[in-house]
1. Would you confirm whether any residue within region 105-114 is surrounded by fewer than 21 Cβ atoms within 10 Å (Cβ to Cβ), within 22 Å of residue 212 (Cα to Cα), β-branched (Val, Ile, Thr) and under 16 Å from the mean Cα position of the chain (by Cα)?
2. If you scan region 175-230, which residues turn out to be among the aliphatic types (A, V, I, L, M), farther than 21 Å from residue 163 by Cβ and more than 14 Å from the chain's Cα centre (by Cα)?
3. Check whether at least one residue in region 159-171 is at positive phi, modelled with pLDDT of 95 or more and not aliphatic (A, V, I, L, M), and report yes or no.
4. Just checking, how many residues over region 205-230 are touching a residue at least 12 places away in the same chain (Cβ under 8 Å), part of a strand (DSSP E or B) and over 15 Å from residue 188 (Cβ atoms)?
5. On the basis of being more than 18 Å from residue 84 (Cα to Cα) and buried (at least 22 other Cβ atoms within 10 Å of the Cβ), does residue 164 make the cut?
Amino acid sequence: MRRPRPAVVVLALSLTALGTAGVVTGATLVAAGSAPGVDGSVGARPLGVATAAAAPSTRTPSTTPANVVGAPFRELPQTPPGPVVPPVRVSIPSLGVRSDVVPTGVDRDGTTQIPEDVDVLGWYRYGPAPRDSGSTVIVGHRDGRGQGRGALYALGALSVGDPIRVTLADGSRVDYRVVAREVLDKQAVPLEDIFARSGGRVLSLISCGGVYDRARGGYQANVLVTAVPV
């Protein structure tokens, strides 16, 4: 499997109401200006709520971004071609989660594809796989109309030290432990860390959370859990 030339994206999670009070979709990743190919590794940040906000642009990965606050466009290095072994399952024992993982890309409207089934997770296939350097990004809906709670509904309940296991397509497994859990305003996501394509290997699990405000489009925050291999 050969990786495509890295897309230029921003991670922005937002929730939209499904037309029924109290029922919402999970997470929407919107392509925009910063990039998954920025050098740097993800460190363990203290638990807490980020308050800084920067309004992201919304553009497809194939479009040159413009006027993105704090993230001027620059050409990014291509990921060297090589075998990619994608994740196919995520197990989180403390949450009772054992979910299939499918590769996801970016829709024509600039949003990252997320499996409609709330019990299935999506691996952002334009970023690193678990054996690669950098951040492996896996996303999922918190809940969904007619489906109830999703696999990552209780993501915010994870604690530092909790184990996570990722099974790969070749049958091998990568074990992680949680090093950070954050609740972030949906416009204050640490983009360079989440989409790091070099540095230490980390797993970034993302879903929605925080207060649900139907008038403002749904959940107002994101839950980001960072884990490192053990």
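The values are calculated or read from the model by the stated rules, or taken from the named source; none is laboratory data. All values reported here derive from a predicted model rather than from experimental measurement. With ideal geometry, Cβ positions are generated from the backbone for all residues, glycine too; neighbour counts draw on all protein chains shown.
1. Within region 105-114, one or more residues are surrounded by fewer than 21 Cβ atoms within 10 Å (Cβ to Cβ), within 22 Å of residue 212 (Cα to Cα), β-branched (Val, Ile, Thr) and under 16 Å from the mean Cα position of the chain (by Cα).
2. Result: 211, 215.
3. Looking through region 159-171, at least one residue is at positive phi, modelled with pLDDT of 95 or more and not aliphatic (A, V, I, L, M).
4. Narrowing region 205-230 to residues touching a residue at least 12 places away in the same chain (Cβ under 8 Å): 205-210, 212, 214, 217-230.
Of the ones still in play, those that are also part of a strand (DSSP E or B) are 205-210, 212, 218-229.
Narrowing the set further to residues that are over 15 Å from residue 188 (Cβ atoms) leaves 205, 207, 212, 218, 225-229.
Of the residues in region 205-230, 9 are touching a residue at least 12 places away in the same chain (Cβ under 8 Å), part of a strand (DSSP E or B) and over 15 Å from residue 188 (Cβ atoms).
5. Here the answer is yes, as residue 164 does meet what is asked.
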